[in-house]
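The values are calculated or read from the model by the stated rules, or taken from the named source; none is laboratory data. Predicted model, so just to flag it, every value in this text is computed and none were measured. Every residue, glycine among them, receives a Cβ derived from its backbone with ideal geometry; neighbour counts consider all protein chains shown.
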Amino acid sequence: MNDAPGMDPAAAAALVERLAQAVGRANVLTDPADVAPALSDWRGFYHGRALALVRPGSTAEVAAVVRACAETGTAVVAQGGNTGMCGGATPTMDGRTIVLSLSRMNRVLALDPLNDTITVEAGCVLATVQQAATAAGRLFPLSLGAEGSCQIGGNLATNAGGVNVLRYGNTRDLALGLEVVLADGSVLGGLRGLRKDNTGYDLKQLFIGSEGTLGVITGAVLKLFPMPRTSVTAFAAVPDPAAAIALLGRLREQVGNRVSAFELISRFSIELVLAHIPGTRDPLPTASPWYVLTNVDDPRTESDLRPALEQALGDAVEAGLVSDAVLAESDAQAQALWRIRESIPDASKVEGLLYRHDISVPTSDIPSFIDEAGARLEAAFPGTRVVCFGHIGDGNLHYNCYVPGRMRDDPVAIAATDVNEVVFRLVHERAGSISAEHGIGQAKVAELPHYKSAVELAVMHRLKAVLDPQGIMNPGKVI
Ligand code: FAD
Ligand code: ZN
């Protein structure tokens, strides 16, 4: 058993025994070797301690575990696929904590094609939800790089985004009903597939994006959509981000709401991929400072999608918004184009310490944000190289940078917040968000108070106090 400072060994042993009664001995892991993977994040940035890794198999078992923790003042860290970006699923070093894994709760409970809903347990891996929808001829549109291992409970708890937000919204927009185990072990049952329900406060919204700090999500009813039957991917060179945004407006006018993804990519991001990811090649013959990768799709097999996209891109070339473009001729070509975009995070790990920012501003402000952030960083840290890419249609940029002299193995450089401050201050001036997708976790918990108003923070603290008066739900995260 991992040691728990502040917890009497006899009390710890009694709690472990009680948890074993609740979920079965085989599902309470205390051997350090078994617990270790749950005590660090996947990047190895954060490390914590826990009394046990507990794996309940049902909502009733989650409730029993949380009740036992509430009665003993033990913290509960819900953990899904542990793919999060901000240390939210890693316990603190306190040790008076259990990690509650949802991975055994991985059943698809129901699929209603006429109501266009799927009901799942929170531990369902995202790809499993997608596959279940596909098998029924429907689309579950949430899609992100971690989809093979992240869980729907984690997606909900972080309100994950991904590349299809432009058309289908983020996880919050895809959730119709939630079931949540509250901090006292009671169950807030809400597995309803209603698109309209105005019977007071929409309580599920509190838990979406709360990163496990208000309750444990155990199940969800999610929206489904018609399956796209025709899909076209295009890669276009644009002179600047303003042209990219103008192009998105034109595409929406000429192709309609069939634009499902629209990603901005800087030349430097492409160069990193070409240099460090084997098997990638430059999609266009001439280099351009910026690119757009877009996807359009249609539920009909016979549609005017391709000619409509060609026409829109041709018009954009004439208008000076696009200098060159390529349309994928096959699924393999489309995948090769998407591989470039999806490889940017891996490719940019190689060249040094990367200060990452996952920010949003109003889409119309993106061009001036990029100019101004670049200028301020250059003034503060001459020679800074920016890896800028992201979901420009959502106003969301992954605005990452290398600062000369800052090394990946230097703890002082890693802990430094001066680069973040330059970027976040500008985000704040533009009424943007310092975390558009990845959340606060423990990574930004100290920074959040600088960028939320006193009233917003006070309301968050009051909600936390009402729903989790003992502060046992994922302490040290978010607030
Ligand atoms: P975890 O990492 O296990 O947990 C994340 C947080 O949610 C923690 O605070 C945890 O306590 C809480 N939590 C987990 N399950 C529950 C539950 N059942 N109830 C209550 N709280 C819970 N994110 C994006 O938004 N867009 C992207 O495009 C994107 N791309 C990614 C690509 C890669 C390669 C990787 C590794 C990650 C990416 N992410 C992206 C990060 C994203 O946040 C996570 O992948 C995912 O949403 C988290 O799910 P998870 O099951 O791994 O949660
Ligand atoms: Zn993203």
The correct count of residues that are assigned to a loop (DSSP other than H, G, I, E, B), under 20 Å from P226 (Cα atoms) and of a type in the set (S, T, N, Q) in the stretch 153-184 is 2
Output for Cβ contacts, cut-off 7 Å, separation at least six or different chains, first residue charged (D, E, K, R) in the stretch 307-334, second surrounded by fewer than 19 Cβ atoms within 10 Å (Cβ to Cβ), reads E310/L327; D315/R250; D324/L284; D324/T286
Suppose we filter R67, R107 for residues that are within 27 Å of V221 (Cα to Cα), more than 16 Å from ligand 2 (Cβ to nearest atom) and free of Cβ contacts under 8 Å to residues at least 24 places away in the same chain; which single one remains?
R107
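Every residue, every condition in (1) of a type in the set (S, T, Y); (2) touching a residue at least 40 places away in the same chain (Cβ under 8 Å); (3) away from ligand 2 (no atom under 16 Å from the Cβ), yes or no:
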position: L144; (1), (2), (3): no, no, no
position: N159; (1), (2), (3): no, yes, no
position: D184; (1), (2), (3): no, yes, yes
position: D197; (1), (2), (3): no, no, yes
position: G212; (1), (2), (3): no, yes, yes
Sort out which residues of the stretch 404-442 are over 21 Å from K349 (Cα atoms) and of a type in the set (K, R), and write them in order of number.
R425, R430
Search the stretch 153-163 for residues being buried (at least 24 other Cβ atoms within 10 Å of the Cβ) and within 6 Å of ligand 1 (Cβ to nearest atom), and hand back the single one that is modelled with the lowest pLDDT.
G161
With the checklist (1) of a type in the set (S, T, N, Q); (2) more than 16 Å from I370 (Cα to Cα); (3) within 16 Å of ligand 1 (Cβ to nearest atom) in hand, flag the one item S453 doesn't pass.
(3)
For the stretch 320-370, what are the residues that are of a type outside the set (G, A, S), surrounded by fewer than 14 Cβ atoms within 10 Å (Cβ to Cβ) and within 21 Å of A234 (Cα to Cα)?
E329, D331, Q335, R339
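Every residue, every condition in (1) modelled with pLDDT under 95; (2) within 16 Å of ligand 1 (Cβ to nearest atom); (3) surrounded by fewer than 19 Cβ atoms within 10 Å (Cβ to Cβ); (4) not β-branched (V, I, T), yes or no:
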| site | (1), (2), (3), (4) |
| --- | --- |
| P5 | yes, no, yes, yes |
| L15 | no, no, no, yes |
| D34 | no, no, yes, yes |
| G48 | no, yes, no, yes |
Checked pairs for the stretch 70-91, first assigned to a helix (DSSP H, G or I) and more than 6 Å from ligand 1 (Cβ to nearest atom), second aromatic (F, W, Y) and at pLDDT 95 or above, C-beta under 7 Å and 6 or more apart or across chains, list as none
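For every residue, the table says whether it meets (1) more than 22 Å from N170 (Cα to Cα); (2) surrounded by fewer than 16 Cβ atoms within 10 Å (Cβ to Cβ).
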residue	(1), (2)
V422	yes, no
R425	yes, yes
S433	no, no
E437	no, no
V445	yes, no
P449	yes, yes
L457	yes, yes
R462	yes, yes
Just checking: which of the helices (runs of 4 or more DSSP H) contained wholly in the stretch 355-465 hold 2 or more residues that are under 28 Å from I208 (Cα atoms)?
418-429, 448-451
Please work out if C124 is within 16 Å of ligand 2 (Cβ to nearest atom) and not β-branched (V, I, T).
no
Exclusive hit being within 28 Å of D8 (Cα to Cα) and basic (K, R), set R49, R107, R43
R49
Whether any residue in the stretch 319-341 is basic (K, R) and touching a His at 6+ places or on another chain (Cβ under 9 Å) is what I want to check.
no
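For the stretch 40-47, indicate whether the set of residues that are over 21 Å from the mean Cα position of the chain (by Cα) and touching a residue at least 24 places away in the same chain (Cβ under 8 Å) is non-empty. Steps first, answer last, please.
Taking the stretch 40-47 as the starting set, the residues that turn out to be over 21 Å from the mean Cα position of the chain (by Cα) are none.
No; the residues of the stretch 40-47 include none that is over 21 Å from the mean Cα position of the chain (by Cα) and touching a residue at least 24 places away in the same chain (Cβ under 8 Å).
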Can you tell me how many residues in the stretch 331-354 are assigned to a helix (DSSP H, G or I), within 16 Å of ligand 1 (Cβ to nearest atom) and small (G, A, S)?
2
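Listed here are the residues, each with its yes/no results for (1) of a type outside the set (A, V, I, L, M); (2) in contact with a Leu (Cβ under 9 Å, 6 or more places away or on another chain); (3) under 16 Å from G80 (Cα atoms).
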| residue | (1), (2), (3) |
| --- | --- |
| P9 | yes, no, no |
| L15 | no, yes, no |
| L39 | no, yes, yes |
| A64 | no, yes, no |
| R67 | yes, no, no |
Does T83 satisfy being under 30 Å from H398 (Cβ atoms), modelled with pLDDT of 95 or more, buried (at least 22 other Cβ atoms within 10 Å of the Cβ) and hydroxyl-bearing (S, T, Y)?
yes
